[in-house]
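Values quoted throughout were computed directly from the atomic coordinates according to the rules given, and no laboratory measurement underlies them. Since this is a predicted model, take the numbers as computed values, not measurements. With ideal geometry, Cβ positions are generated from the backbone for all residues, glycine too; neighbour counts draw on all protein chains shown.
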Amino acid sequence: MSPRSTGHRTPPPLGRRLRSLTFNVVDESMLPVLKPGDRILVDTAAYRREPPQVGDLVVFRDPEEPRRRLIKRVSAPPDLAAGGGLFVLGTAPERSRDSRSFGLVPPDLVLGKAWFRTGPIGREGSLE
C-alpha cells in the first residue's frame, strides 16, 4: 500500500509541528505500541481547550522525579474531585511505573498529547 492510501505516513501539518516538542522513548513500558528508540511529536496545545480523553497517549513530568518525562495512556476520565488528575497506565504493566505506583498525575505536569512517531525509519506514522 502507498502512504497516501493508508494515511499513516503523511507528514504532520506545519501548524501542529510548530507547537510540538520531541520525546524519545527510552523504556519498554509502552510495548508493543511504543518501543525504545521511537521518536514522538507531542502536541503541547492539545489540552488547552479540552481535557485528555481515555485512550490518549500523554507525555508528562514524573510526579516523583519532575526532571524526568514519561509517556503513558490515559486509562480513566480526569478525576474532577482530585483537581483533574489523570490515571495513566503503561501497556506493559510488568515494566511500567505508572498511576499504580505514583497515583494521579496532576494536570500541571502534563506536557501534551503524543500524536506522531517520526522515527526510526520504517515506524513513522500517526499515533491517533
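Of note:
- Candidates ARG95, ARG67, ARG39: whichever shows maximal mean-square fluctuation once the chain is modelled as a Gaussian network with Cα springs under 10 Å: ARG67
- Amide H partners (placed H, <5 Å) of PHE116, local residues excluded: LEU41, LEU127
- Toward the positive end of the charge dipole of region 50-128, with +1 on the Cβ of Lys and Arg and -1 on the Cβ of Asp and Glu, the farthest Cα among VAL74, GLY119, SER96 is that of GLY119.
- For GLY84, distant residues with modelled amide H under 5 Å away: ASP79
- Highest-fluctuation residue, ARG19, ARG100, ARG49 considered, GNM on the chain with Cα pairs under 10 Å: ARG49
- Computed Kirkwood radius, in angstrom, where 1/r is averaged over Cα pairs of region 60-123: 12.7 Å
- Taking max minus min of the alpha-carbon positions on each principal axis, the chain gives extents of 46, 34, 24 Å, largest first.
- Fluctuation leader among ASP79, ASP62, ASP43 - the chain, Gaussian network, Cα springs under 10 angstrom: ASP79
- Separation in nanometres of the label points that stand 7 Å from Cα toward Cβ, at SER75 and ASP62: 1.9 nm
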